[in-house]
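The structure appears below as structure tokens.
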């Protein structure tokens with residue numbers, strides 16, 4: 001009995017089979033050889049009134065800045081208090097607006113951290129921040145009656161989302177998510193890069209950082225914590241510590257660079273939502289490690305409001321974060337408190 005092969009199998013044994021196979025192989029080799037190698041690219045720009053820096057290993061060396069800027073512009077149109085047509089600005093001026101799902105997500109996380117921190121973190125502090133000259137409006141002349149009137153508009157319990165809309169106890173209540181939106185934006189840009197095939201990247205916006213994989217030298221990304229000195233410049237000599245970020249996010253909040261002096265008195269940008277005044281305590285800088293930058297960003301701000309003792313106590317109850325606090329002791333010398341697991345991230 002004579003065996004009959006199907007046509008496609010018989011073709012494999014034809015005289016042209018080796019020629020065809022060789023041609024296909026040659027094409028594959030040519031395609032691979034022409035493909036651009038992966039490359040680390042650097043992008044920078046502005047968002048939320050601050051500067052961003054992004055480094056990523058792009059598959060095929062493709063420039064992703066157009067995609068990054070498109071995404072940043074979308075987020076700016078949601079969270080920027082400097083844009084009159086942004087979602088948050090329309091919320092603040094009580095205009096009809098459809099709440100973007102990202103706005104809702106950030107709002108809900110803000111409320112959660114406000115509750116955990118006993119109101120130390122509070123996105124309704126915007127009127128007070130503006131009055132002191134650290135917000136999106138001009139500074140006012142501070143008087144106790146003014147502070148009292150603004151405290152009526154402050155309190156995270158006075159605003160909520162119902163049926164997809166912001167509901168305020170008082171129409172004068174305004175929101176400012178700057179102490180959490182930068183971190184959230186780092187997370188979202190990191191997600192964008194991952195979807196584009198980037199396994200190694202670092203996203204930094206205004207001091208908030210998300211890092212994955214390794215840098216160009218093949219080392220885990222390392223981020224510096226500055227010494228709390230307003231006279232220092234940004235250099236290696238001004239670093240208090242260097243932190244390794246394997247698959248983590250980091251945020252630092254401090255009063256040593258964003259402040260002003262009036263009538264011989266120093267006023268820092270961190271406002272206590274309960275008193276209405278800039279904080280006055282020994283905590284100079286709060287650095288937080290977390291799995292996402294939105295969480296790290298918000299807690300860093302909360303700790304700067306709470307001060308050293310309360311921050312240490314609360315941080316011990318939060319296993320999802322690690323902390324590094326720089327504070328001034330009774331003699332005026334700077335000292336450090338860090339959680340046990342934070343020490344594991346310090347570069348030698």
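Every number in this text was worked out from the coordinates using simple rules, so none of it is lab data. As the structure is a prediction and not an experimental result, all values here were calculated from the model. No Cβ is skipped: glycine too gets one built from the backbone with ideal geometry, and neighbour counts run over all protein chains shown.
So what's the Cα pair-distance distribution over region 272-348, bin width 10 Å, in %?
Going from the shortest bin to the longest, the percentages are 18, 51, 27, 3, 0.
Over all pairs of distinct alpha carbons, what does the Kirkwood formula give as the hydrodynamic radius of region 39-345, in Å?
Working: mean 1/r = 0.0499 Å⁻¹.
In region 39-345 this quantity evaluates to 20.0 Å.
Label-point separation (nm) for residue 108 and residue 274, each offset 7 Å from Cα along Cα-to-Cβ?
According to this spin-label approximation, the distance is 2.8 nm.
When the Cα atoms of region 62-175 are enclosed in a convex hull and the volume is divided per residue, what value in Å³ results?
Values: hull volume 14.6 nm³, N = 114.
Output value, Cα hull per residue: 128 Å³.
Taking 0.36 nm per intervening residue step and subtracting the Cα-Cα distance, what contour gain separates residue 161 from residue 238 on full extension? Before the final figure, lay out the partial values.
Details: separation 77, 0.36 × 77 = 27.72 nm, distance 4.35 nm.
Stretched out fully, the residue 161 to residue 238 stretch lengthens by 23.4 nm.
What does the highest-first list of 283-294, 336-347, 178-189 look like by mean Cβ count within 10 Å? All intermediate terms of the calculation are to be shown ahead of the outcome.
Numbers: 283-294: 24.1, 336-347: 14.4, 178-189: 26.6.
Packing order, densest peptide first, comes out as 178-189, 283-294, 336-347.
Could you please tell me the mean projected area of the C-alpha convex hull for region 49-94, averaged over all directions and given in square nanometres to one decimal? The partial results should precede the final answer.
Values: hull surface 14.6 nm².
The directionally averaged projection comes out at 3.7 nm².
What distance in nm separates the simple spin-label points at residue 282 and residue 334, each placed 7 Å from Cα in the Cβ direction?
So the two model labels end up 1.6 nm from each other.
Which order do the peptides 59-69, 79-89 take when ranked by the mean count of other beta-carbon atoms within 10 Å per residue, highest first? Intermediate results must be reported in sequence, preceding the final value.
Values: 59-69: 14.5, 79-89: 19.4.
Result, highest mean Cβ count within 10 Å first: 79-89, 59-69.
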